[in-house]
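The structure appears right after this line, and notes come after that.
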Amino acid sequence: MKNIKLFLFFIITVIGIIIFGILCFMWFDDQMSCLDMGKIYDPVQKICRDDCLTCDKKCGYVRFRP
């Protein structure tokens, strides 16, 4: 009986740690949160930008024209 309780405790702890890790990744992932809001993540300045269409190494920032 003691082995079953220890096994269940271990399984519940591992599942809890996995869920906690996934939630932390989702909460602190700046790039994905910017995309969810419809903005572009600037890795150099580490901010969300809404004044450009895209950002890549080949073209750089493609800005909106007013």
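Rule-based calculations on the coordinates, nothing more; no lab input. Everything numeric in this text was worked out from a predicted model, so none of it was measured. Neighbour counts run over all protein chains shown; Cβ positions are idealised from the backbone, glycine included.
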(message) Per-residue counts of other Cβ atoms within 10 Å, averaged by peptide: what ranking do you get for 18-27, 41-50, highest first?
(response) 41-50, 18-27
(message) What distance in nm separates the two pseudo spin-label positions at I11 and Q31, each 7 Å out from Cα along the beta-carbon direction?
(response) 3.6
(message) I'd like the FRET efficiency for I18 and C52, computed as 1/(1 + (r/R0)^6) with the beta carbon distance as r and R0 of 30 Å, rounded to 0.05.
(response) 0.25
(request) First obtain the Kirkwood hydrodynamic radius of the stretch 1-48 from its Cα pairs, then insert it into the Stokes-Einstein equation at 4 °C and 1.567 mPa s, and state the resulting D in µm² per second as a whole number. (result) 98
